[in-house]
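Shown next, in structure tokens, is the structure this report addresses.
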Amino acid sequence: MIYKRGYSLWYRFRYTIKSEDGTKKDFMVRRPAKVRNRKDAKDVEREHRRALSLGQLHPNDPWPMATTSAPPVFRAFASEFLQYAKTHTKPGTHTFYSVCLDRLLTFAAIADTPINAITGETVNRYARYRREVPENSVVTVNGDLRTLRRILHLAEEWGKLDRAPAIHELPQPQGRERVLSFAEEATYLAKASENLRDAAILAVDTGLRPNSELFPLKWADVDLTESKESPNGVLHVRKGKTDSAQRSLPLTPRVAEVLQRRKKAAEAKGSAFVFPGAGISGHATSMQHPHKAAIEDSKLVSFEFYCWRHTFGTRAAQSGMDRFTLARLMGHSSPSVAARYYVHITESHVAAGFGRFVEYQTRNVAEGLAAAFPAATNQIQ
């Protein structure tokens with residue numbers, strides 16, 4: 001029997017041993033499958049049953065059986081992991097793992113150590129070592145820790161490691177969850193360069209993810225034709241962070257104005273991208289420097305450009321948008337993921353939202369009574 005225990009797949013079955021004198025003894029065998037899908041879990045259970053039937057082990061013995069080969073050194077297994085990531089992950093994810101591994105492999109206590117000797121204390125020393133380097137932010141270190149955790153979990157899944165150590169990320173400020181007020185937005189846009197201002201308007205009015213959706217946006221994915229559903233036009237996200245990221249976004253009037261203006265300039269230059277860049281990709285990959293300059297000139301508290309996306313999500317929620325629609329617009333897999341953008345709603349917004357519900361409820365209850373009992377309603381009138 002295959003079942004879930006927390007987030008892990010386990011299997012369970014009864015096995016009977018018959019002794020020479022004819023007596024029988026039953027055992028309940030329970031083991032974690034250490035795989036990610038039910039088909040593989042059934043294969044693990046089947047192999048365990050086969051080993052028992054051949055007398056290779058007792059029902060109380062650990063499974064899988066211990067191997068005589070020594071666990072690989074981290075540096076060697078890291079190469080296997082990168083090959084796995086190249087096949088099973090997106091190119092961007094593979095690149096992320098490669099960059100993080102370059103840093104991990106400079107730390108001898110991890111790089112030149114057998115994977116079964118890497119402990120939580122070792123990981124903690126690595127985190128302290130990295131934080132002493134000024135260029136390494138908490139975000140950078142946490143990326144390395146996530147990569148290390150993924151590598152050791154894969155080693156456990158492949159049977160090269162009995163149990164991966166727990167790896168905890170460093171606490172970090174919620175830099176991406178700040179919501180800009182309309183006054184802050186106006187101040188920022190007034191000090192921003194034209195290119196940055198246009199990008200910020202698109203970000204705060206569409207909720208596009210900056211690096212994977214906004215900066216690589218192509219004119220082929222922008223439709224400024226008016227329609228009943230989208231009077232200001234629509235833009236299409238063909239690919240993104242996940243499958244849920246593929247979506248179509250209606251435009252606000254000011255976004256339509258920005259795109260119309262930029263399209264005229266792009267036609268003259270022959271650029272395929274809304275935000276062209278001088279690099280190999282052909283589009284802008286960062287606006288960090290002009291963004292920082294705009295913040296300093298407008299004397300605002302520092303925030304990440306990504307906060308415009310979070311601001312869009314929060315404003316949409318505060319306007320009364322249901323979270324199913326919000327999840328679709330944000331490119332989230334479910335409303336529960338989109339719900340995190342409600343954290344900034346105040347009590348006044350809750351009261352206003354409930355007030356709209358009361359009005360809706362009262363109106364429809366009255367209409368329901370009128371439809372069910374028309375005669376009584378006429379007498380009352």
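Readers should treat all values here as calculations from the given coordinates under stated rules, not as data from a laboratory. As the structure is a prediction and not an experimental result, all values here were calculated from the model. Cβ coordinates were reconstructed from backbone atoms using ideal geometry, including for glycine residues, and neighbour counts include every protein chain displayed.
Compute a Gaussian network model of the chain, connecting alpha carbons closer than 10 Å, and tell me which residue from 23, 311, 87 fluctuates the most.
Looking only at 23, 311, 87, the biggest GNM fluctuation is shown by 23.
Just going by the charge dipole of the chain, with Lys and Arg at +1 and Asp and Glu at -1 on Cβ, which of 360, 275, 324 is farthest out on the positive end?
Ranked along the dipole, the leading option is 324.
Just name one of 154, 129, 101: the one whose Cα is farthest towards the positive end of the charge dipole of the chain (beta-carbon charges, Lys/Arg +1, Asp/Glu -1).
Farthest along the dipole direction, towards plus: 154.
Round to the nearest 10 and give me the degree value, 0 to 90, for the angle of helix 138-157's Cα axis relative to the longest principal axis of the chain.
Its long axis makes an angle of about 40 degrees.
Which entries of 90/218; 263/299; 86/292; 86/239 have Cα-Cα distances beyond 26 Å here? Can you show the working numbers first?
Numbers: 90/218 21 Å; 263/299 32 Å; 86/292 35 Å; 86/239 19 Å.
Distance filter (> 26 Å) returns 263/299; 86/292.
Mind checking which of 81, 324, 27 has the largest fluctuation in a GNM of the chain, springs on alpha carbons under 10 Å?
Sorting by GNM fluctuation, first place goes to 27.
Please work out the Cα center distance from the stretch 109-176 to the stretch 266-301, rounded to the nearest Å.
About 34 Å separates the Cα centre of the stretch 109-176 from the one of the stretch 266-301.
Might you report the magnitude of the Cβ-based charge dipole of the stretch 74-157 about its Cα centre, with Lys and Arg at +1 and Asp and Glu at -1, to the nearest 20 debye?
Details: 11 positive and 9 negative charges, 42 e Å.
With Lys and Arg at +1 and Asp and Glu at -1, about 200 debye.
With Cβ to Cβ distances under 11 Å as the rule, what net charge do the other residues near residue 114 carry (K, R +1; D, E -1)? Intermediate values should be presented prior to the final figure.
Working: positive: 75, 160; negative: 112.
Once all neighbours under 11 Å are counted, the net charge is +1.
Ranking 332, 88, 94 by Cβ neighbours within 10 Å, fewest first, what do you get?
Values: 332 23, 88 10, 94 17.
The order, fewest Cβ neighbours first, is 88, 94, 332.
Please report the spacing between the Cα centers of the stretch 188-251 and the stretch 1-27 in Å, no decimals.
So the separation of the two Cα centres works out to 56 Å.
Based on Cβ point charges of +1 for Lys and Arg and -1 for Asp and Glu, what charge dipole magnitude is obtained for the chain about its Cα centre, in debye rounded to the nearest 20? Intermediate results must be reported in sequence, preceding the final value.
Values: 56 positive and 40 negative charges, 195 e Å.
With only Lys, Arg, Asp and Glu charged at Cβ, the dipole is about 940 debye.
Take the Cα atoms of the chain, build their convex hull, and give its volume per residue in Å³. Working shown, then result.
On the way: hull volume 95.3 nm³, N = 381.
Dividing the Cα hull volume of the chain by its residue count gives 250 Å³.
To test your reading of the geometry: what angle, between 0 and 90 degrees and rounded to tens, separates the Cα axis of helix 182-191 from the longest principal axis of the chain?
80
Starting from the Cα of residue 236, step 7 Å along the direction of its Cβ; do the same at residue 182; then give the gap between the two resulting points in nm.
3.4
List every residue whose amide H lies under 5 Å from the amide H of residue 283, counting only residues 5 or more places away in sequence or on a different chain, with H placed 1.01 Å from N in the peptide plane.
Here 277 satisfy the definition.
Only Cα pairs within less than 10 Å get springs; with that Gaussian network setup on the chain, which residue of 28, 330, 321 has the largest fluctuation?
Result: 28 has the largest fluctuation of those listed.
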